[in-house]
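Reading through the structure tokens given below for one structure.
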Amino acid sequence: MVNKSRLIETNYIVKHSKIHGTGIYAYSEIKKGTKIIEYVGEKISKKEGDRRSEARIKKYLNSKKTGSVYIFELNSRYDVDGSKKYNKARYINHSCNPNCEVDIISGKIWIIAIKNIKKNIELTYDYGYEFDKTDFEDHKCLCGSNNCIGYIIAKDDWPKLKRFLSKKN
């Protein structure tokens, strides 16, 4: 019998996260530059990706269930809907101090280590949400890193968020 809370893959394991819900952890040491896991799912048009995102956000906005969109931008024409259970990469959480990044290689979305990762460390990447002063508060960050900005905002947009918050106070 497979223990679904501890599904072991090649170099990662899926289990409960200290950050949020379910996470992906290094099963063994992962070297910087390693392609760890592909973000997979249904390839859909941008229009369909926007429609599904809006529907899922609306459905879960006032519920206790979060992390439910899973639409990933592939390129300017297509998105990938990674909501299927076979897509283990959907469990990788955001962090303000990530140990992975996303790279699109030959039309595939890969999660790649940007530093050496020790066994049992949770894999994270910056989700890269653009700062939008109308909805940034809907995306609270729970990463707990020393440099956490408090919201899931792309690092490049942190100065915009800080300016906005300083004017708001």
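The values are calculated or read from the model by the stated rules, or taken from the named source; none is laboratory data. Remember, it's a predicted structure, so these values are computed and weren't measured experimentally. Cβ placement follows ideal geometry from the backbone for every residue including glycine, while neighbour counts extend to all protein chains displayed.
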*Is it the case that residue 109 is in contact with a helix residue (DSSP H, G or I) (Cβ under 6 Å, 6 or more places away or on another chain) and of a type in the set (Val, Ile, Thr)?*
no
*Take the range 128-163 and flag every residue that is within 18 Å of the chain's Cα centre (by Cα), surrounded by fewer than 16 Cβ atoms within 10 Å (Cβ to Cβ) and not in a loop (DSSP other than H, G, I, E, B).*
137, 138, 140, 155, 156, 158
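Let's see how each residue does on (1) touching a Phe, Trp or Tyr at 6+ places or on another chain (Cβ under 8 Å); (2) modelled with pLDDT under 95; (3) crowded, with 19+ Cβ neighbours inside 10 Å; (4) of a type in the set (Phe, Trp, Tyr):
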{"position": "6", "(1), (2), (3), (4)": "no, yes, no, no"}
{"position": "22", "(1), (2), (3), (4)": "yes, yes, no, no"}
{"position": "44", "(1), (2), (3), (4)": "yes, no, no, no"}
{"position": "84", "(1), (2), (3), (4)": "no, yes, no, no"}
{"position": "89", "(1), (2), (3), (4)": "yes, no, yes, no"}
{"position": "113", "(1), (2), (3), (4)": "no, no, yes, no"}
{"position": "118", "(1), (2), (3), (4)": "no, no, no, no"}
*Being surrounded by 14 or more Cβ atoms within 10 Å (Cβ to Cβ), of a type outside the set (A, V, I, L, M) and at pLDDT 75 or above is the filter here, so list the residues in the range 46-70 that pass it.*
46, 48, 49, 52, 53, 56, 70
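Quick grid of which residues meet (1) farther than 24 Å from residue 58 by Cα; (2) in contact with a Phe, Trp or Tyr (Cβ under 9 Å, 6 or more places away or on another chain):
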site: 121; (1), (2): yes, yes
site: 134; (1), (2): no, no
site: 146; (1), (2): yes, no
site: 152; (1), (2): no, yes
site: 158; (1), (2): yes, yes
